[in-house]
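Enquirer: Dropping a structure here in structure tokens format, bear with me for questions.
Only the coordinates and a few stated rules stand behind these numbers; no lab work does. What you are looking at is a predicted structure, and each value in this text was computed from that prediction instead of being measured. Cβ placement follows ideal geometry from the backbone for every residue including glycine, while neighbour counts extend to all protein chains displayed.
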Amino acid sequence: MLTIKQPNKMKKQTVKITTAFLMLIATLGSCVKGDTGAAGTNGTNGTNGNANVVEGSIAVTPSDWTWDATNKWYYEALTDSAITSDIVSSGSVLAFVQIQPYQNWYAMPYSFANTSTVSIYYAYNYFLYTVHLTFQFSNQAQASSIATYNFKVVCITSSQRKAHPNTNWQDYSSVKAALGNQLIETNITQ
């Protein structure tokens, strides 16, 4: 019969691994459901942090819009420093439009009946530090006059969205109700 002799170093390593494994099993086995452990001491109170939700508002006047003859829409690029790489990669950016004389904020994309035959379609996209707003008439015509529109941009981290799972993020009133004074105002520029 042929026997293979393990070197001493290998035997010691096997013993160490086996011992570590048995200690792990013994430790896990000593826990009983319902054990809470010893109570710790309370830490110091910190300052109230922000909710990582940033909002900004801006009025876009008729002269701010640029007509794109190829796509038959108006566009405007806004600078918003709250749209960081973290927001772009894992957060969200919401945009709302306020159509005068109404006080409500409407989540974009949004379509609004301008006349009995023509609607206006508002949309947006975003990328690092920028929100690109567009609006287009359903008949794709260039307007003879454009109103001033108010826009609100809200930047939310993924953790904040998870912390408020029942919030209707498409309704600014719901966002405001859920986050209240945790919304941090920021400047948006053109």
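Enquirer: Can you tell me, using C-alpha contacts under 8 Å and at least 6 residues apart, the relative contact order of segment 56-142 as a whole percent? Display every interim value, and only then the final one.
Expert: On the way: 129 pairs, mean separation 27.6, N = 87.
Relative contact order here is 32 percent.
Enquirer: Something else now. Nothing charged except the Cβ atoms of Lys and Arg (+1) and of Asp and Glu (-1): what's the magnitude of the dipole of segment 62-180 about its Cα centre? Round to the nearest 20 debye.
Expert: 280 debye
Enquirer: List, in order, the whole-Hz ³J(HN,Hα) value for each residue of segment 151-159 obtained from phi through the Karplus relation with A = 6.51, B = -1.76, C = 1.60 and θ = phi - 60°; use x for Gly and Pro.
Expert: 10, 10, 10, 10, 10, 10, 6, 5, 5
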